[in-house]
């Protein structure tokens, strides 16, 4: 007659089976997250290209999904003409969406131009989803910062506003606000006025 298994033996067998299944499929416990990678300054786009090539060559597309270099559009006014260029939001950093394990860590960490993951030396720390959303939204925003190649001492012509057609001498420039302060001669007196970049043309 076949001896019935005790409750303890059955539980031990079930536990062993569960452990065997979980050992076979560890990736199900992992989730893709965004990680921030530090790079040599000026190498952000090279790192993106190099890493995307390595992902393809080493068949890591199931563990490393996206590589992003957050940028925003800057409008420059030079000689009265508008020129657009891309400016990095976080120079020296690249965003990587990936499932972190030894293999994916190795592929990213040993990409040319990468210096380290943001986090401790042994354990990269994933970025918060809310932080990544803000960064991605900033890079896709249609808001444009205007840069103007002017400095204190330059002469400008005012093209709009209450002082349109006046000539001003720049006293101070505020690049962060896209504004400047200039002295304008009104009725023979030098009067300081604050102007936006879009209100003036360099002479």
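When the strands (runs of 3 or more DSSP E) confined to segment 48-134 are screened for residues that are within 30 Å of residue 177 (Cβ to Cβ), those reaching at least 3 such residues are found at 71-78, 81-88, 93-98. On the given criteria, is residue 169 at pLDDT 90 or above and either part of a helix (DSSP H, G or I) or under 17 Å from residue 197 (Cβ atoms) (or both)? So residue 169 passes the test. The single residue among 71, 76, 17 that is modelled with pLDDT under 85 and in contact with a strand residue (DSSP E or B) (Cβ under 9 Å, 6 or more places away or on another chain) turns out to be 76. All conditions but one from (1) surrounded by 13 or more Cβ atoms within 10 Å (Cβ to Cβ); (2) modelled with pLDDT under 90; (3) not assigned by TED's automatic domain parsing to the domain that holds residue 49 apply to residue 88; the one that does not is (3).
The values are calculated or read from the model by the stated rules, or taken from the named source; none is laboratory data. Since the model is a prediction, treat every value here as computed from it, not as a measurement. Cβ coordinates were reconstructed from backbone atoms using ideal geometry, including for glycine residues, and neighbour counts include every protein chain displayed.
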